[in-house]
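Q: Can you read through this structure? Questions will come right after.
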Amino acid sequence: MALDRPVPNDLSAFWMPFTANRQFKKAPRMFVGADRMHYTTADGRQVLDGTAGLWCCNAGHNRPRIVEAIQKQAAELDYAPAFQMGHPKAFELATKVRDLAPEPFEHVFYTNSGSESVETALKLAIAYHRAKGQGERTRLIGRERGYHGVNFGGISVGGIVNNRKMFGTLLGGVDHLPHTHLTENAFTRGQPEHGAHLAEELERIVGLHGAETVAAVIVEPMAGSTGVLMPPKGYLERLREICTKHGILLIFDEVITGFGRLGSSFAAAHFNVMPDIITCAKGLTNGVIPMGAVLTTGPVHDAFMQGPEHMIELFHGYTYSGNPIASAAGLATLETYAEDGLFERAAGLADYWEDALHSLKDHPHVIDIRNMGLIGAIELEPMAGEPTKRAFSAFLEAYEKNILIRTTGDIIALSPPLIIEKEDIDTLIGTLGDVLKGLH
Ligand code: PXG
């Protein structure tokens, strides 16, 4: 296919995020177009999107409603000040997000990314207790292998070592729960049987510090970035009980699980465990325009609504909080999800997806497969002395074979757009099977 877009020949200026820059720039992988389930590469190939971009394009690519909404909004109202001024679409979207979220969630605070949603949630938790006269509750508890974005609060409560160790001492007053990855759960379909007892560690940590010093616990209800770890049966319920018992806020980081990934609007609804705060981003705008949000319950919000009415209640926010074009994209995205019934679609395809994934069980190097909704992970035995190399080779080879997968460590993660068809699942998993057979 002839190219209608030039590919730049100087790649040195752009310092790419979370990328092996030197490797990439020697053999660049460039996308120049996207439509529904496929990317178009600079060399004219169609690549099947097995990862919804970076877990964000839940409705697939180039969706007409979203494209038109952005175009129209740009011409109508390009930007409105986010502080002390408003515009209708930000309010409309907040109402729609509230209506989509499980019942206790009543308020929506906008950010521009998952990382900012996390910082916002952590700050809200500390400020909430202060507003309630418990200013000594400042400690934050995260979890090993957790990913909460890349800002200082997020990497402090996060538990992915490489994301933390370069960056000094991080936030003080943070502790971590153990992760929930147990080898006895290998090849479990859906939620694993073993591991609920790991939630009891929260009692120990709270006891160590004194409950009256702890502001919040933050976890991903399903840990994505670390390689897709499902919550063991009963685990989230137990975290909720312990937090409630001690007056600690529970935050679910739903940047990946929000907007249909598990076949429900949010993981909180999926597992029927209600935190006090939910962070989201990605699927809120189908990844098309940066936008994130923090959802709070009525009591969390209401704690701030005191003092003189002319006073700002929360000294926090971003220039682009509720940006008009992002709001328009968000509204069109939620309409697209509803119109196409995408969350139900994901739920309906989950069994087919599960069977397809687990058909890779006896392929070379595979030591575990995990799945839920339209998410899956295939864990590979690392090469001796060269961690991550085997999975990265799989990623490169998959790209050559026209499928886009993600790898983290030696784990392959898959999270396709929720518009995926059964034939696409067959292609994705079949091609991945061929890749695995060819790996060293
Ligand atoms: N929390 C969670 C749970 C996430 O998964 C963030 C926060 C940060 O979001 P932003 O928008 O600041 O990137 C994330 C992001 C991957 C991958 O392949 C995962 C994320 C981002 C990019 C790649 O594991 N998660």
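Values quoted throughout were computed directly from the atomic coordinates according to the rules given, and no laboratory measurement underlies them. Being a predicted model, the structure only gives us computed values, none of them experimental. Glycine also receives a Cβ, built like all others from the backbone with ideal geometry; neighbour counts cover every protein chain displayed.
Q: Please give me, ordered by residue number, the chymotrypsin sites (Phe, Trp or Tyr not before Pro) of region 37-145 that lie in loop per DSSP and have at most 16 other Cβ atoms within 10 Å.
A: Those satisfying the criteria are TYR79, PHE83.
Q: Using a Gaussian network for the chain with springs between C-alpha atoms less than 10 Å apart, which of these wobbles most: GLY195, GLY207, GLY146?
A: Largest GNM mean-square fluctuation: GLY207.
Q: Ranked by Cβ crowding within 10 angstrom, fewest neighbours first, how are MET274, MET305 ordered?
A: Fewest-to-most ranking of MET274, MET305: MET305, MET274.
Q: Expressed as a whole percent, how much of the Cα-Cα distance distribution for region 182-315 exceeds 17 Å?
A: Within region 182-315, distances greater than 17 Å cover 65 percent of Cα pairs.
Q: Number of Lys pairs in region 61-220 with C-alpha atoms less than 25 angstrom apart, excluding same-chain neighbours closer than eight positions?
A: Taking region 61-220 as the scope, the lysine pair count is 5.
Q: As a test of the formula, what do you get for the chain when each DSSP H run with n ≥ 4 contributes -39,500 (n - 2.57) and the sum is divided by the residue count, at 222 nm and rounded to the nearest 500 deg cm²/dmol?
A: Taking each H run of at least 4 residues, the total per residue is -10500 deg cm²/dmol.
Q: Farthest toward the dipole's positive end in region 67-339, which of TYR318, MET230, ALA328, given Cβ charges of +1 (Lys, Arg) and -1 (Asp, Glu) about the Cα centre?
A: Ranked along the dipole, the leading option is MET230.
Q: Right, another one. What is the set of long-range amide H partners of MET30 at a cut-off below 5 Å, with H atoms built 1.01 Å from backbone N?
A: Amide H neighbours of MET30: ALA42.
Q: Right, next: Using alpha carbons only, how many angstrom separate the centre of region 176-248 from the centre of region 104-147?
A: 18 Å
Q: For region 67-339, give the magnitude of the charge dipole about the Cα centre (Cβ charges: +1 Lys/Arg, -1 Asp/Glu; no others), in debye to the nearest 20.
A: The dipole of region 67-339 has a size of about 540 debye.
Q: With a Cα-only, solvent-free Debye model of region 46-87, what are the log10 I(q)/I(0) values at q = 0.19, 0.22, 0.29, 0.34 Å⁻¹?
A: Those come out to -0.74, -0.81, -0.95, -1.09, one per q.
Q: Moving to a separate point now. For the chain, set up a GNM with springs between Cα atoms under 10 Å and report which of ALA211, ALA101, ALA377 has the largest fluctuation.
A: ALA211
Q: Give a quick list of trypsin sites (Lys or Arg not before Pro) in region 48-150 that DSSP marks as loop, anything other than H, G, I, E or B, with at most 11 other Cβ atoms within 10 Å.
A: Passing sites in region 48-150 do not exist.
Q: How about region 173-271: which trypsin sites (Lys or Arg not before Pro) there lie in a loop by DSSP and see at most 16 other Cβ atoms within 10 Å?
A: Passing both the DSSP loop test and the Cβ count: ARG189, LYS233.
Q: Over all Cα pairs of region 137-227, how is the pair count split among 5 Å bins, expressed in % and running from 0 up to the last occupied bin?
A: Pair shares across the bins are 3, 13, 23, 22, 18, 12, 6, 2, 0.
Q: Can you tell me, using C-alpha contacts under 8 Å and at least 6 residues apart, the relative contact order of the chain as a whole percent?
A: 21 percent
Q: Follow-up question, since we're still on this one. Taking amide H positions as placed in the peptide plane 1.01 Å from N, state which residues far from GLU144 in sequence (5 or more) or on other chains have amide H under 5 Å from it.
A: LEU177, HIS179
Q: To continue, here is another question. Tell me which residues come under 5 Å, amide H to amide H, from ILE419 once H is placed; ignore anything under 5 positions away on its chain.
A: Distant-sequence amide H within range of ILE419: GLY60.
Q: Could you list log10 I(q)/I(0) for the chain at q = 0.11, 0.12, 0.14 Å⁻¹, which the Debye formula gives when each Cα is one point scatterer?
A: Relative scattering, expressed as log10 I(q)/I(0), comes to -0.87, -1.04, -1.41.
Q: With the dipole of the chain worked out from charges on the C-beta (+1 for Lys and Arg, -1 for Asp and Glu) around the Cα centre, which of GLY210, ALA347, LEU100 lies farthest toward the positive end?
A: GLY210
Q: Now a separate question. In sequence order, what are the phi-derived ³J(HN,Hα) couplings for region 272-283 according to the Karplus relation 6.51 cos²θ - 1.76 cosθ + 1.60 with θ = phi - 60°, rounded to whole Hz, with x for glycine and proline?
A: Each residue's phi maps through the Karplus curve to give 6, 10, 9, x, 9, 9, 10, 9, 8, 5, 5, x Hz.
Q: What are the principal axis extents of the Cα atoms in region 272-356, in Å, biggest first?
A: 57, 32, 19
Q: Give the average over all directions of the projected area of the C-alpha convex hull of region 243-320, one decimal, in nm².
A: Averaged projected area of region 243-320's Cα convex hull equals 6.7 nm².
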